[in-house]
Amino acid sequence: MIDDGAIELVPAGFFPAAMLYRRACATGHQARQRATEAVQTGRRERRLRELDAVVETVVLAQAAAEGWIHRAYHLADVEPQGAGGWVGRWQAAPQAICGPGTRDLDVETIETLRWLSTWRNYLVHDDARARERLRANGVDAGSEAAHLTADMAEAVIARMDEAFTDVGACIGWRTLAGLHSAFVWRSHDEG
């Protein structure tokens with residue numbers, strides 16, 4: 001008989017951002033599977049499940065990015081300064097955590113974070129400001145769902161892998177390595 005009380009399901013070093021990113025990677029994979037099923041079967045329900053998975057991928061990846069940067073500041077024992085929300089904290093992290101001689105994040109990293117933030121805000125809030133920001137990024141009103149495809153889910157993960165690699169290269173030696181889809185586990189039943 002197994003003593004369930006003796007099994008530790010959540011380790012002492014619980015790191016929610018890593019769990020969120022792992023789930024984002026899994027839902028990105030699910031989006032591709034649902035897209036393939038939609039093409040093979042012609043069933044609209046499969047396209048709706050693809051859409052669900054893409055939305056989850058965006059929201060979970062953004063949450064992971066925000067949680068990760070907060071943990072990095074915490075581990076460095078540095079209080080984030082200024083405005084700019086979670087994207088601003090990513091942008092300021094190299095100098096705030098490692099000092100003024102540290103290189104800035106790549107321009108592509110900041111673009112990725114803003115892109116992800118724009119989509120997440122639209123998906124979560126769907127208010128006038130979020131829609132306006134989406135329009136400013138070239139997404140026409142009424143075309144949002146057409147953008148939310150398995151290709152987008154894969155782009156979210158690929159772009160965030162690059163962003164995590166970039167920030168990790170800047171501050172990882174002081175805090176923690178960036179997350180990456182190649183190093184997260186996905187269960188066989190998450191497909």
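Can you tell me which residue is most open to solvent (accessible area, probe 1.4 Å) among those in the stretch 22-44 that are over 19 Å from H188 (Cβ atoms) and assigned to a helix (DSSP H, G or I)? Going through the qualifying residues, I end up with R44.
Being hydroxyl-bearing (S, T, Y) and within 17 Å of E144 (Cα to Cα) holds for only one residue in T27, T36, T57, T41, and it is T57.
Taking only the stretch 135-152 into account, find how many residues are of a type outside the set (D, E, K, R) and under 19 Å from L60 (Cα atoms).
Within the stretch 135-152, the subset of a type outside the set (D, E, K, R) is 136-139, 141-143, 145-150, 152.
Right, trim to under 19 Å from L60 (Cα atoms) and you get 145, 147-150, 152.
Count: 6.
Name every residue in the stretch 90-125 that is open to solvent by 80 Å² or more (accessible area, probe 1.4 Å), in a loop (DSSP other than H, G, I, E, B) and of a type in the set (D, E), in order of residue number. If the condition is that a residue be open to solvent by 80 Å² or more (accessible area, probe 1.4 Å), in a loop (DSSP other than H, G, I, E, B) and of a type in the set (D, E), then D104 is the only one that fits. Pairs linking a residue in the stretch 67-84 that is free of Cβ contacts under 8 Å to residues at least 24 places away in the same chain to a residue that is aliphatic (A, V, I, L, M) and surrounded by 18 or more Cβ atoms within 10 Å (Cβ to Cβ), with Cβ atoms under 6 Å and 6 or more positions apart or on different chains, are V78/A96; V78/I97.
For the stretch 45-81, enumerate the residues that are charged (D, E, K, R) and part of a helix (DSSP H, G or I). Matches in the stretch 45-81: E45, R46, R47, R49, E50, D52, E56, E66, R71.
Restricting attention to the stretch 68-83, and to residues there that are farther than 9 Å from T175 by Cβ and open to solvent by less than 30 Å² (accessible area, probe 1.4 Å), which single residue is nearest to the chain's Cα centre (by Cα)? Among residues in the stretch 68-83 that are farther than 9 Å from T175 by Cβ and open to solvent by less than 30 Å² (accessible area, probe 1.4 Å), the one nearest to the chain's Cα centre (by Cα) is W68. If you go through the stretch 150-191 and keep only what is surrounded by 18 or more Cβ atoms within 10 Å (Cβ to Cβ), assigned to a helix (DSSP H, G or I) and hydroxyl-bearing (S, T, Y), you end up with just S181.
The values are calculated or read from the model by the stated rules, or taken from the named source; none is laboratory data. Remember, it's a predicted structure, so these values are computed and weren't measured experimentally. All Cβ positions, glycine included, derive from the backbone under ideal geometry; neighbour counts span all protein chains shown. We work out accessible area using only protein heavy atoms, side chains counted, and drop any ligands, DNA or RNA first. Shrake-Rupley method; radii C 1.70, N 1.55, O 1.52, S 1.80 Å.
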